[in-house]
Every structure is written in C-alpha cells, then in structure tokens.
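**Student:** I have a structure I would like to understand better, so I am pasting it below and will then ask my questions one at a time.
Read the figures in this text as sums done on the coordinates, not as results from a lab. The shown structure was predicted, so the numbers you read here are calculated from the model rather than taken from an experiment. With ideal geometry, Cβ positions are generated from the backbone for all residues, glycine too; neighbour counts draw on all protein chains shown.
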Amino acid sequence: MTTYFNKRTGDRVEMNGRSARLDSLDNWTRIGDDEPNPPVVDDGILSRPSLPGPRAEQGPGQVLVETTPPAADEVPTQETPPVELTPVSQAPADNRHPARNASRADWQAYARTRAQDSAEEVEIDGLTRDELAARYGGDS
C-alpha cells in the first residue's frame, strides 16, 4: 500500500502500488502508512480557504447540523457568511416516508417510527410492503 499526501490541499490518498502521475507532481509526496500528515503549505493560490472564527468540533457519535440554514431562494456568494454548524447527538429525524418501491425492511423501519403503541408495532411484521405503504405512506 502506497500513501501519498498533497502538501497544498491536505489530501491523503492510499493506493495499491505507486502512481507515476503523483510521483511526478511536486505537491504530492509519499509518506509511510503510519506516518502523520505533514503540515499543509499555504501557497496563496491552490491552498484551501479557511473559514474565519471558531469551528464546531464533532465528537464521537455526533453529527454536525446547520444552525442557521440559508433561505431556499438564497444563492451563496463570496460575501455570504459561512453556515454555522452545531454538533448534536443524533441527526434530525427525517419524517418523509420511503418511496413506494422501497424495500419492505425500509417500510417496516419507517412504520415503527410511526406506530402509536406496541400492539401496532407487532402488527407491522405481518404486513406486506404494499400494505405498509398504503397505511403509513399517504397518497404518494
């Protein structure tokens, strides 16, 4: 396994064997598999822009969600402030039901989130995909 590191962007690539292309480019260097990433060099042109201000740290088992999502009709520009991200313990619930042709397992998982009581949850296992879609999917 050969590991390459891009000193301008911070990208790390692992591949079987060597790459003649990456070997010939001066911004890519070969590093050992257990070697930490070298520092990224700011060349002023190709380096990635950094966002001002503090960044939210993502802990184990957390996802980052937008605290201030942009408006639906807003087109981001260079002057648009960066979106704030907030770590949460679990992703926000997606209340949309699966597609009509989704698997029975997907429909069962969705139906369990909608079940009102344990008796209804037990009943879910005996229903077909089409019955689950009819009962929990509305008219989509």
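**Student:** Given Leu25, Met1, Asn37, which one lies farthest toward the positive end of the charge dipole of segment 1-45, if we put +1 on the Cβ of every Lys and Arg and -1 on the Cβ of every Asp and Glu?
**Tutor:** Checked the options; the winner is Leu25.
**Student:** Further, regarding this structure: What nm distance separates the two modelled labels at Val13 and Ala102, each placed 7 Å from Cα along Cα→Cβ?
**Tutor:** 3.6
**Student:** Multiply the residue separation of Ala115 and Thr2 by 0.36 nm, subtract the distance between their alpha-carbon atoms, and state the gained length in nm to one decimal.
**Tutor:** Fully extending the segment from Ala115 to Thr2 adds 35.6 nm.
**Student:** Work out from phi, with θ = phi - 60° and the Karplus expression 6.51 cos²θ - 1.76 cosθ + 1.60, the ³J(HN,Hα) of each residue of segment 14-28, listed in order in whole Hz, and give x for Gly and Pro.
**Tutor:** Values, residue by residue: 10, 8, 7, x, 9, 10, 4, 5, 5, 4, 7, 8, 6, 8, 10 Hz.
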